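Step one of this worksheet: look at the structure below.
The values are calculated or read from the model by the stated rules, or taken from the named source; none is laboratory data. Given the structure is predicted, the values throughout are model-derived calculations rather than measurements. Here the Cβ is made from the backbone with ideal geometry for all residues, glycine too, and neighbour counts use every protein chain on show. These area figures cover heavy atoms from the full protein model, side chains too; ligands, DNA and RNA do not enter into them. Shrake-Rupley method; radii C 1.70, N 1.55, O 1.52, S 1.80 Å.
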Amino acid sequence: TSIAENAGSSLTLTATLSNATTANVTVTLSTSGTGTEGTDYSTISDITITAGDTTGTATFTPTDDSVYEGNETGIVAIDTVSGGSANESNTPQVVTITINENESAPTVTLTSSASSIDENAGSSLTLTATLSVATTANVTVGISTSGTGTEGTDYATISDITIAAGSTTGTTSFTPTD
């Protein structure tokens, strides 16, 4: 089962008894998976099946955010069953829901604080890598060089840029050698 992160709707989770009971039955749910309850989807309530009924429901509602995370899963399982002498079927009852990512994978652009610098400037240019959208993991931007100047001789070695999780920019320096 899957739902888009930006669906604007919910999935219904239904617990079903084989027979009605004379007492309320509480089905306690547990969650796991790559998605986080309360962050990637709303908190899921336990299910109460009212005395005399055979079904009860809870909802699974994805949270639309602006961070690229890739598809995530919400795994919902019956943790305990209490009331009305009811118990869980012999086979563990588990539902896996895929939350389909709606943000595009990020792209990166590289800019410089200036297009030229004097060899004897005594300062550096700032190179900035910018992601189109934040991610939940660090992103490393490998920097390669070419041209008539030689890295390590005409200018200092340029380090790769790491953009921290949740951020959209990272920087390194370009420092000419006099």
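Brief remarks on what is shown
- For region 1-51, filtering for residues that are free of Cβ contacts under 8 Å to residues at least 24 places away in the same chain and of a type in the set (D, E, K, R) leaves 1.
- Of residues in region 149-163 being under 37 Å from the mean Cα position of the chain (by Cα) and open to solvent by 50 Å² or more (accessible area, probe 1.4 Å), the one farthest from Ser66 (Cα to Cα): Thr157
- Here Thr172 clears all of (1) open to solvent by 50 Å² or more (accessible area, probe 1.4 Å); (2) in contact with a Leu (Cβ under 6 Å, 6 or more places away or on another chain) except the condition numbered (1).
- When residues in region 70-87 are screened for being among the aliphatic types (A, V, I, L, M), touching a residue at least 60 places away in the same chain (Cβ under 8 Å) and open to solvent by less than 40 Å² (accessible area, probe 1.4 Å), 2 of them pass.
- Gly122 being touching a residue at least 60 places away in the same chain (Cβ under 8 Å) and either open to solvent by 50 Å² or more (accessible area, probe 1.4 Å) or of a type in the set (Phe, Trp, Tyr) (or both): no
- Set Ser115, Ser42, Ser30: member being polar (S, T, N, Q) and open to solvent by 70 Å² or more (accessible area, probe 1.4 Å): Ser115
- Residues that are part of a strand (DSSP E or B) and under 15 Å from Ile75 (Cα atoms) were ranked within region 1-11; the one that is least open to solvent (accessible area, probe 1.4 Å) is Ile3.
- Annotation note: Cβ proximity below 6 Å between a residue of region 91-113 that is in a loop (DSSP other than H, G, I, E, B) and a residue that is open to solvent by 70 Å² or more (accessible area, probe 1.4 Å) (sequence gap 6+ or interchain) occurs for Glu101/Asn71; Asn102/Asn6; Pro106/Ser132; Thr107/Ser132.
- Residues in region 114-154 that are outside any strand (DSSP E or B), among the hydroxyl-bearing types (Ser, Thr, Tyr), over 11 Å from Pro176 (Cβ atoms) and touching a strand residue (DSSP E or B) at 6+ places or on another chain (Cβ under 8 Å): 3 in all.
- Restricting attention to region 127-148 and to residues that are over 16 Å from Thr168 (Cα atoms) and polar (S, T, N, Q), the residue that is most open to solvent (accessible area, probe 1.4 Å) turns out to be Thr148.
Residue by residue, here is whether (1) of a type in the set (A, V, I, L, M, F, W, C); (2) touching a Ser or Thr at 6+ places or on another chain (Cβ under 7 Å) holds:
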{"residue": "Gly74", "(1), (2)": "no, yes"}
{"residue": "Thr91", "(1), (2)": "no, no"}
{"residue": "Val133", "(1), (2)": "yes, yes"}
{"residue": "Ala137", "(1), (2)": "yes, no"}
{"residue": "Ser159", "(1), (2)": "no, yes"}
{"residue": "Ile163", "(1), (2)": "yes, yes"}
{"residue": "Gly170", "(1), (2)": "no, yes"}
